[in-house]
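The values are calculated or read from the model by the stated rules, or taken from the named source; none is laboratory data. Values in this document were obtained by computation on a predicted structure and should not be read as measured data. We place every Cβ from the backbone using ideal geometry, glycine too, and count neighbours over all the protein chains shown.
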Amino acid sequence: MLSYEELTDLDHQFLLHPQHHPSDHVEPIIFARGEGAILWDVRGRRYIDGLACLWNVNVGHGRRELAAAAARQMEELAFVNSYVGSSNVPAITLAERVAKLAPPGLNTTFFTTGGAESNDTAFKTARFYWSIKGQPEKAKIIGRVNGYHGVSIGATSATHLPVFHPRFGPLAPGFLHVPAMDPDALEETIQREGPETVAAVVAEPVQGAGGVYPPPADYFARVREVCDHYEVLLIADEVITGFGRLGTFWGLQQWDVTPDIISFAKGITSGYMPLGGVILSDTIRSLIYEQPPEIKWMHAFTYSAHPACCAVAHANLDIIEREGLVERAARLAPRLHTRLGVLRDEPSVKEVRGLGMMAGIELRPDRVPGSAGAVIAELKRRGVFTRHRLDTICLSPTLVIKEEELEELCDVVIQTVRDLATK
Ligand SMILES: Cc1ncc(COP(=O)(O)O)c(C=O)c1O
């Protein structure tokens with residue numbers, strides 16, 4: 001077994017990490033195992049997983065039945081392509097299961113291996129839809145300020161967070177952004193650009209990586225109205241919020257709004273295998289299916305509908321259903337928000353916000369030296385693993401976190417914020 005120092009040395013030499021800069025990786029945590037809401041590193045240190053890793057490990061770590069589902073499927077049939085003309089059993093049954101879980105009128109799934117692929121698929125499908133309907137110029141995709149949709153070139157272009165853009169340009173053409181929580185601004189933008197040039201709006205039900213921003217209660221109903229009025233498709237980026245994180249199965253269910261396309265990933269396998277996808281409305285599906293043979297939806301990924309990933313998704317959904325994890329998220333969420341709410345009285349805290357099992361604590365950087373970055377580093381030392389965006393500490397624990405672990409998580413976060421504030 002290699003020592004921590006040897007592993008770090010090899011990591012520094014050979015492994016390029018997402019969002020890489022070596023100064024952020026001088027003394028990385030090298031994780032070794034996990035159980036439920038708890039992770040351990042190779043040095044035996046214990047951490048509460050405050051973000052379900054990347055908002056995805058909803059059923060918690062160490063689920064042997066997910067490993068068994070993958071092993072069973074790999075022994076039987078590890079991989080086959082699902083390009084038109086061939087298929088596989090777990091993908092077929094998973095697509096049917098997803099249709100039953102999806103809102104009425106969305107019944108057709110294309111599988112990807114993650115969120116960015118899902119969003120790129122959604123954008124291309126929206127363009128395909130309008131193009132087939134004789135409006136190829138109806139191609140612009142409207143994203144929102146603070147939105148994060150992944151970092152493939154299409155998803156990067158829909159992502160607003162400015163830190164992801166420099167030195168990777170030019171971005172894909174045809175993407176623009178509007179203020180996040182203002183349906184009037186969306187309407188004005190569609191009018192200004194010309195509705196005949198706008199294919200779709202993409203929105204996260206609760207903005208996650210942008211710093212945990214839930215919308216005003218009437219926001220999505222208005223967005224739906226605007227989209228309907230100007231014949232613009234609504235793409236719900238449910239990559240974080242799908243599969244129960246907000247205490248409803250889908251995020252937009254919170255406001256009783258049905259999108260035209262749902263983009264999903266993370267929670268469908270709780271991160272045990274890379275799987276995502278889009279669920280299309282029956283209207284979009286019909287258009288794709290009813291074309292003559294020379295008009296094909298020429299979109300594809302080698303690993304679309306990967307049998308082992310789909311088998312793991314089934315086992316993950318079994319756990320979510322058997323253990324009532326969507327209801328559990330709804331039950332635990334008030335506790336998370338009530339506990340963190342005490343920070344509203346701290347002069348070092350600008351805002352505490354969130355919805356369901358997602359919370360953000362925005363600091364006043366003038367009152368906390370090093371702001372959220374310093375708090376995150378101290379949290380690591382105190383055994384909590386999570387992330388921040390600018391001045392906001394993000395929390396999104398696993399949906400299986402024990403009540404005493406949730407208390408511990410909140411205690412450590414509250415105390416650390418207090419300790420690091422200037423007195
Ligand atoms: C809302 C949202 N969309 C898309 C993505 C991109 O997913 P991936 O990293 O799997 O490409 C993320 C990742 O965090 C996300 O939070």
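See the values below:
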quantity	calculated
Scope the range 392-423; condition touching a residue at least 60 places away in the same chain (Cβ under 8 Å) and under 21 Å from the mean Cα position of the chain (by Cα); matching residues	Thr392, Cys394, Leu395, Ser396, Pro397, Thr398, Leu399, Val400, Ile401
Helices (runs of 4 or more DSSP H) wholly inside the range 265-379 containing at least 2 residues that are among the aliphatic types (A, V, I, L, M) and within 22 Å of the chain's Cα centre (by Cα)	307-322, 325-341
Filter result for Thr121 (within 13 Å of the ligand (Cβ to nearest atom) and either surrounded by fewer than 19 Cβ atoms within 10 Å (Cβ to Cβ) or within 19 Å of Leu287 (Cβ to Cβ) (or both))	yes
Of the criteria (1) touching a Pro at 6+ places or on another chain (Cβ under 9 Å); (2) over 19 Å from Val59 (Cα atoms), which one Gly341 fails	(1)
Identity of the residue in the range 22-78, in contact with a Leu (Cβ under 8 Å, 6 or more places away or on another chain) and without any contact (Cβ under 8 Å) to a residue 60 or more places away in the chain, that ends up surrounded by the fewest Cβ atoms within 10 Å (Cβ to Cβ)	Arg33
Cβ pairs under 7 Å, 6+ apart, first in the range 256-272 and under 13 Å from Ala116 (Cα atoms), second modelled with pLDDT of 95 or more and hydroxyl-bearing (Ser, Thr, Tyr)	Ser263/Ser118; Phe264/Ser118; Ala265/Ser118
Breaking point among (1) within 16 Å of the ligand (Cβ to nearest atom); (2) in contact with a Cys (Cβ under 9 Å, 6 or more places away or on another chain); (3) not β-branched (Val, Ile, Thr), for Pro90	(1)
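Rundown of residues vs (1) farther than 17 Å from Gly105 by Cβ; (2) crowded, with 20+ Cβ neighbours inside 10 Å, yes/no style:
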{"position": "Cys227", "(1), (2)": "no, yes"}
{"position": "Tyr230", "(1), (2)": "yes, no"}
{"position": "Ile235", "(1), (2)": "no, yes"}
{"position": "Glu238", "(1), (2)": "no, yes"}
{"position": "Thr241", "(1), (2)": "yes, yes"}
{"position": "Arg245", "(1), (2)": "yes, yes"}
{"position": "Leu252", "(1), (2)": "no, yes"}
{"position": "Ala265", "(1), (2)": "yes, yes"}
